[in-house]
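One structure is given below, encoded as structure tokens.
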Amino acid sequence: MANYETHEHDVIVVGAGGAGLRAAIEVSAQGLSVGLVCKSLLGKAHTVMAEGGIAAALANVDPQDGWQTHFRDTMRGGKMLNNWRMAQLHAQEAPDRVRELERWGAVFDRTKDGRILQRAFGGHKWKRLCHVGDRTGLEMIRTLQDQGVHQGITVYMECTISKLLKDGDKISGAFGYFREDGRYVLFKTKAVVLATGGVGKIYSVTSNSWEYTSDGQGLAYEAGADLIDMEFVQFHPTGMVWPPGVRGLLVTEGVRGEGGILRNSKGERFMFKYLPEATKNDYAATEEEAKEWVEATIHGKKSEARRPPELSTRDNVARAIYIENKEGRGSPHGGVFLDISYQDSERVKKKLPSMYHQFKELADVDITEGPMEVGPTCHYIMGGIRVEADSAQTRVPGLFAAGECAGGMHGSNRLGGNSLSDLVVFGRRAGLGASTYAKSVSGQPSINDSDINLAIEELEAPFNREGKNPYDVAKHMNSIMDAYVGIFREQKDMETGVAKLEELKKDVANVAVKGGKAYNPGWHLCRDLKNMMVAAEAIARSALSRPESRGAHSRLDFPDTDNGKWSTVNTSVYKDGDEMKLEHTPLPVMPDELKELFEEKEKAHA
Ligand code: FUM
């Protein structure tokens with residue numbers, strides 16, 4: 001058997017974005033030993049791609065706000081498929097988590113009287129996004145990282161976990177390798193928190209960085225957890241479309257939150273015609289009213305004007321941009337125009353410094369002088385590992401999940417800004433849940449040598465066979481997902497997609513690589529592909545199984561949202577032998593006092 005090093009901790013947290021860091025901080029605060037394992041360097045987390053803000057009903061700018069409205073907006077944004085309890089905990093606890101970040105040193109933008117400033121974002125009724133210019137995620141990671149390091153958390157950087165180990169049905173460890181030299185590592189532990197983020201790399205145009213290869217979803221699935229609602233993949237409406245090398249890079253929703261206007265190639269402000277009937281009254285009816293809202297926002301004044309149509313929910317704006325292009329009104333590189341250059345240039349640079357530099361340096365466009373070209377980019381997956389709301393525990397004892405890799409919180413469509421708050425609310429809860437569980441386990445659960453041997457064999461196999469190049473296989477997977485399970489879906493396309501993925505599985509199982517284990521990203525991709533395959537198959541099969549349109553799942557053959565059966569079930573997939581099984585399970589039932597929030601007219605504090 002190959003050599004491996006061994007470490008032992010009460011809890012292992014996999015992933016060092018916002019959720020992983022917050023979970024590790026909590027485990028350490030509970031007096032337990034925690035190992036934080038990250039695939040990248042510490043601080044290089046996809047959390048930084050949530051740029052425009054963290055949603056929390058602090059009511060600093062709009063005093064009418066409160067957790068109930070945040071809860072209601074979140075549920076409505078998710079088209080009521082959210083786990084109500086997660087949405088409730090999230091809305092109730094987000095303000096405390098933001099204040100905690102502030103205490104730990106996060107430097108938020110301020111109102112004139114010194115409170116945390118909040119901006120508008122799509123689907124949020126009030127100005128709710130606490131922000132640091134357009135670098136909120138970055139500031140959050142910096143703050144959590146400082147806090148974690150001061151607390152003495154042990155960090156294992158550039159380390160990939162390839163297998164979760166179990167003693168009977170319970171978690172007992174995790175096996176993996178260090179990316180720089182390929183040396184193997186065994187973590188003995190009582191509990192694992194997965195906080196590995198999303199799956200964006202299975203699509204070709206994505207805001208996600210290289211780490212987003214569905215690791216947590218794949219590991220949890222292999223270990224016996226179920227994945228819910230995987231059909232719901234969020235395409236952020238505004239990614240860069242030009243030049244080709246940066247296609248998909250995020251253009252923060254903060255641009256629209258600050259008044260950015262979307263126009264097609266004919267100069268039409270097209271979002272007015274895409275507002276769904278049910279929410280039309282929440283938005284400005286004319287350009288004049290939208291302008292009044294922007295003026296009031298800029299000058300911090302009160303106004304009765306409703307928010308601009310560009311602040312509709314992401315699913316809706318992404319679809320609108322897609323349709324504008326399909327009908328021949330797109331921009332030269334397949335997007336539309338997003339313009340904030342009509343505002344004072346110093347204000348734009350102050351509010352959106354990263355966007356200013358991003359466009360100047362990468363596209364040679366000065367956003368204070370002219371419009372940006374933008375289009376949809378795969379940004380987030382609402383579905384993920386099924387967890388119990390309060391403790392974040394999966395159905396595998398000792399296995400917990402938080403952040404993007406967990407499902408339920410966002411239903412069928414996530415509101416912008418709700419991911420940063422999700423990370424800290426449920427990161428903390430997962431850390432607490434894992435600590436409570438670990439304390440209840442007496443002694444270190446046992447680990448079978450044969451499981452370690454299998455993990456090593458699996459990792460070494462690509463060196464010992466002839467097979468496909470992993471990069472070709474990844475590209476093929478991207479093309480299948482783009483073509484058959486993209487923004488708009490149809491039965492026959494998805495059937496083709498499922499069949500093609502089934503074929504591709506053979507290539508994934510046989511990818512081959514040459515060279516050694518040191519600095520060999522092709523070898524890393526061989527293992528990543530297995531996790532990516534789990535996500536791709538789960539998305540395609542789940543999407544095919546839901547005959548309706550809801551949130552981010554848009555079917556051309558079933559354009560309406562079903563108010564019957566499909567509004568009451570989650571899609572769930574799990575591993576059964578070598579097969580992916582799928583079932584529809586009932587949504588948890590919302591208690592009456594919360595249901596009332598959707599029935600009553602606005603209350604003063606709702
Ligand atoms: O547009 C953005 O700044 C992204 C935020 C988010 O995904 O929450």
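The values are calculated or read from the model by the stated rules, or taken from the named source; none is laboratory data. On a predicted model such as this, the values are computed, not experimentally measured, just so you know. When we count neighbours, we look across all protein chains shown, and the Cβ atoms used for this are built from the backbone with ideal geometry, even at glycine.
Scanning for something closer than 29 Å to Ala223 by Cβ and either at pLDDT below 95 or touching a Leu at 6+ places or on another chain (Cβ under 9 Å) (or both), does region 592-606 turn up at least one residue? No, region 592-606 has no match at all. Consider region 277-313 and keep the residues that are β-branched (Val, Ile, Thr) and surrounded by fewer than 16 Cβ atoms within 10 Å (Cβ to Cβ). The one that is modelled with the lowest pLDDT is Thr279.
Check Val336, Val251 and return the single one that is touching a Lys or Arg at 6+ places or on another chain (Cβ under 9 Å) and of a type in the set (Val, Ile, Thr).
Working: Val251 fails: touching a Lys or Arg at 6+ places or on another chain (Cβ under 9 Å).
None of the other options fit; the residue is Val336.
Name every residue in region 260-285 that is part of a loop (DSSP other than H, G, I, E, B) and in contact (Cβ under 8 Å) with a residue 12 or more places away in the chain, in order of residue number.
Within region 260-285, the subset part of a loop (DSSP other than H, G, I, E, B) is 260, 264-269, 275-276, 284-285.
The answer is Gly260, Asn264, Ser265, Lys266, Glu268, Arg269, Leu275, Pro276, Ala284, Ala285.
State the number of residues belonging to region 339-390 that are more than 30 Å from Thr571 (Cβ to Cβ) and surrounded by 15 or more Cβ atoms within 10 Å (Cβ to Cβ). Explain how you work it out, then say what you get.
Going residue by residue through region 339-390, those that are more than 30 Å from Thr571 (Cβ to Cβ) are 339-374.
Restricting the remaining residues to those that are surrounded by 15 or more Cβ atoms within 10 Å (Cβ to Cβ) gives 339-341, 343, 348-349, 351-352, 354-356, 358-359, 363, 365, 367-368, 371-374.
Final tally of qualifying residues: 21.
Restricting attention to region 246-258, the residues being over 20 Å from Gly330 (Cβ atoms) and more than 8 Å from the ligand (Cβ to nearest atom) number 2.
All of Val107, Val27, Val14 fail the test of being without any contact (Cβ under 8 Å) to a residue 40 or more places away in the chain and among the β-branched types (Val, Ile, Thr), apart from Val107.
For region 19-34, which positions are crowded, with 24+ Cβ neighbours inside 10 Å and touching a His at 6+ places or on another chain (Cβ under 9 Å)? Selection gives Val27, Val34. Applying the condition of being small (Gly, Ala, Ser) and closer than 17 Å to Gly18 by Cα to region 127-151 and asking which residue is farthest from the ligand (Cβ to nearest atom) yields Gly148.
Let's see how each residue does on (1) out of contact with any Lys or Arg (no Cβ under 7 Å at 6 or more places or on another chain); (2) more than 14 Å from the ligand (Cβ to nearest atom); (3) not aromatic (Phe, Trp, Tyr):
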position	(1), (2), (3)
Tyr380	no, no, no
Ile385	yes, yes, yes
Val396	yes, yes, yes
Gly403	yes, no, yes
Gly427	no, yes, yes
Ala430	yes, yes, yes
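Checking each residue in region 379-408 for being touching a strand residue (DSSP E or B) at 6+ places or on another chain (Cβ under 8 Å) and among the charged types (D, E, K, R) picks out Arg386, Glu404.
When residues in region 362-384 are screened for being among the aliphatic types (A, V, I, L, M), more than 16 Å from Glu253 (Cβ to Cβ) and part of a strand (DSSP E or B), 1 of them pass.
Return a yes/no flag: does region 82-91 have any residue that is buried (at least 21 other Cβ atoms within 10 Å of the Cβ), under 26 Å from Lys302 (Cα atoms) and in the same structural domain as Leu227 (by TED's automatic domain parsing). Yes, region 82-91 contains at least one residue that is buried (at least 21 other Cβ atoms within 10 Å of the Cβ), under 26 Å from Lys302 (Cα atoms) and in the same structural domain as Leu227 (by TED's automatic domain parsing). For region 259-276, the criterion of being closer than 13 Å to Arg119 by Cα, in contact with a Phe, Trp or Tyr (Cβ under 9 Å, 6 or more places away or on another chain) and at pLDDT 95 or above is met by at least one residue.
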